[in-house]
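One structure is given here, and the rest of the page talks about it.
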Amino acid sequence: MLGEGILKGLAETARNFAGSYVSRERLTTVQYPEERVAPIEAARVFPFLVYDGADWEAGLRCVACQICEKECPPKCIYIEKSKDKKPDYVGKLQIYPARFDIDVSVCMSCQICVEVCPFEAIKMDTEFELATDNRFGGLLHDRKQLAKSNEYFHTIHPTEASEVDARLAEEKAKVEAKAKAAAEAAAAKAAAGAAPAATPGDKPAGGGE
C-alpha cells in the first residue's frame, strides 16, 4: 500500500510519545549534556594509540611501520620514524614513532588503520566530544594526546581487548619458548665441545701397569 512505511513510522512515534508519560523506557531522547547515553562496545569514533605499562612513551606498541599512514584513505595520519630503537613487548629492539599525528578534522572513522596494524597498536576510541576553538592545531592530535593505556582499552572494548591480550600473550610465549630452546641447544653444543676427546693411548684413571 502506498505510504505504508510512513504510517508505520508515525505509529511507532505515537506509541513512544504516549508511552513516555507512563514509562521511562519509552523516552527516546536524553537531556544532553546533562544526561548522557553510554556508548555501546562496538562504537568507533577516532583512533588512539595503545600503550602497555605506566609510561606511555616507553610502552607504545607502535613501531612506526607506517602501514596505517599508507593505507589511510583521507591521508590524515602523519608518522616520522625514530633514529634509535627501544624493546617491544617481546624484548625485540624496534623503531618507534618520533612523531605520530592524526588530523581528526579529516579522519573518516573508517577503521582501516586498525585493520591493517600488525602490532595491535592502534584502536578506535568512543570519545566524540573533541570540539575546540582552534580549527587548525586543536584538531591535530599528537602521539601524547593519542596515547591511552591498555587498561583504558579494556574499559571501552572489553571483548576485543581480551582477545588481543590473549593473542599477544600467545605470541610472546612462542618467542620465549623458541629463545629458550635456542639457548639450551647452544649450551649443549658448548658443553659437547668442551668435553676432552679420548685417545687410544690414554689409561683409565686409577689403573695399574
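Values computed for the structure shown
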| read-out | value |
| --- | --- |
| Failed condition for MET1, given (1) touching a residue at least 12 places away in the same chain (Cβ under 8 Å); (2) farther than 22 Å from GLU151 by Cα | (1) |
| Residue match in segment 88-95 (condition: of a type outside the set (Asp, Glu) and in contact with a Ser or Thr (Cβ under 6 Å, 6 or more places away or on another chain)) | yes |
| Any hit, segment 120-127, residues being over 11 Å from the mean Cα position of the chain (by Cα), surrounded by 12 or more Cβ atoms within 10 Å (Cβ to Cβ) and among the aliphatic types (A, V, I, L, M) | no |
| Residues located in segment 128-169, provided they are in contact with a helix residue (DSSP H, G or I) (Cβ under 8 Å, 6 or more places away or on another chain), over 17 Å from CYS62 (Cβ atoms) and loosely packed, with under 15 Cβ neighbours inside 10 Å | LEU130, THR132, SER162 |
| Tally of residues being of a type outside the set (Ser, Thr, Tyr) and in contact with a helix residue (DSSP H, G or I) (Cβ under 9 Å, 6 or more places away or on another chain) across segment 1-24 | 6 |
| Residue in segment 8-55 that is farthest from ILE102 (Cα to Cα), counting only those that are touching a Lys or Arg at 6+ places or on another chain (Cβ under 9 Å), modelled with pLDDT under 90 and among the charged types (D, E, K, R) | ARG15 |
| Residue count for segment 70-83, restricted to those that are touching a Phe, Trp or Tyr at 6+ places or on another chain (Cβ under 7 Å) and buried (at least 16 other Cβ atoms within 10 Å of the Cβ) | 1 |
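The values are calculated or read from the model by the stated rules, or taken from the named source; none is laboratory data. Computed from a prediction, not measured in an experiment: that's the story for all the values here. Methodologically, a virtual Cβ is constructed for each residue, glycine included, from the backbone with ideal geometry; neighbour enumeration extends over all protein chains shown.
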